[in-house]
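Working notes, beginning with the structure itself.
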Amino acid sequence: MSRIDSAQIRSYNKKQIFRLLMNEGPLTKPDMSARTGLSIPTVTRVLSDLSQDGLLRKLGIQSSVGGRRPEAFAADLSSHLTAGMDLTLNHINYSVLNLKGEVVANERTAVSVSVNDSFCTTLYEKFLQFLGAYSVRYDDLIGFGISFPGIISEDNRYLAYSHVLRTEGPL
């Protein structure tokens, strides 16, 4: 049986609090403590870590019926985004999603796909224009993917055919 070290526990707690804030936020420290079973000091340390990672929004002091007024927190879903480009024979679909998987921006553009250096440059320029049109900062992207239809070789080692890329044989 393997032992769990403090770094693994800290990582688990961080994921637990972040998921809670994404799905049920905004929440206060006492709310998070009650829902997770973590102590207030542990919740405070996790919130500090999330804030340093740019994943936390402080929403300010809330009203109280007695005692200390609590501060509310929410997950910052706008600063860590993923983008994708889906190529078809006659169109490109650009999308940006937040960490919750919600679509932040989406656009379909007519274009004739060709595989050469100038087309790749054009794709990149159109992508930057798309980001600008939706006020998405390039620095907020943490991932990017490109998809296009094709057939993979029987041994799953290479793209055997793609009508979009106009290719047959290993690519």
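The values are calculated or read from the model by the stated rules, or taken from the named source; none is laboratory data. Just so it is clear, the structure is predicted and the values come from calculations on it, not from any experiment. Quick reminder, even Gly has a Cβ in these numbers, built from the backbone with ideal geometry, and neighbours come from all protein chains shown. We work out accessible area using only protein heavy atoms, side chains counted, and drop any ligands, DNA or RNA first. Shrake-Rupley method; radii C 1.70, N 1.55, O 1.52, S 1.80 Å.
Worth a mention:
- Every test in (1) more than 17 Å from the chain's Cα centre (by Cα); (2) in a helix (DSSP H, G or I); (3) of a type in the set (A, V, I, L, M, F, W, C); (4) modelled with pLDDT of 90 or more is passed by residue 131 save one, and that test is (1).
- Within this structure, residue 146 fails the test of being open to solvent by 50 Å² or more (accessible area, probe 1.4 Å) and in contact with a His (Cβ under 7 Å, 6 or more places away or on another chain).
- Restricting the range 77-98 to residues that are over 18 Å from residue 56 (Cα atoms) and without any contact (Cβ under 8 Å) to a residue 24 or more places away in the chain, the residue that is surrounded by the fewest Cβ atoms within 10 Å (Cβ to Cβ) is 90.
- Of all residues in the range 149-171, those satisfying the criterion of being open to solvent by 100 Å² or more (accessible area, probe 1.4 Å) and at pLDDT below 80 are 166, 168, 170, 171.
- Test for residue 11: is it polar (S, T, N, Q), in a helix (DSSP H, G or I) and free of Cβ contacts under 8 Å to residues at least 12 places away in the same chain: yes
- For the range 22-61, filtering for residues that are open to solvent by 80 Å² or more (accessible area, probe 1.4 Å) and in a helix (DSSP H, G or I) leaves 7.
- Residue among 54, 66 that is within 30 Å of residue 126 (Cα to Cα) and without any contact (Cβ under 8 Å) to a residue 60 or more places away in the chain: 54
- In this entry, residue 136 is excluded by the filter for residues that are in contact (Cβ under 8 Å) with a residue 60 or more places away in the chain, assigned to a loop (DSSP other than H, G, I, E, B) and β-branched (Val, Ile, Thr).
- Enumeration of residues in the range 86-122 that are within 24 Å of residue 75 (Cβ to Cβ) and not in a strand (DSSP E or B): 98, 99, 100, 101, 102
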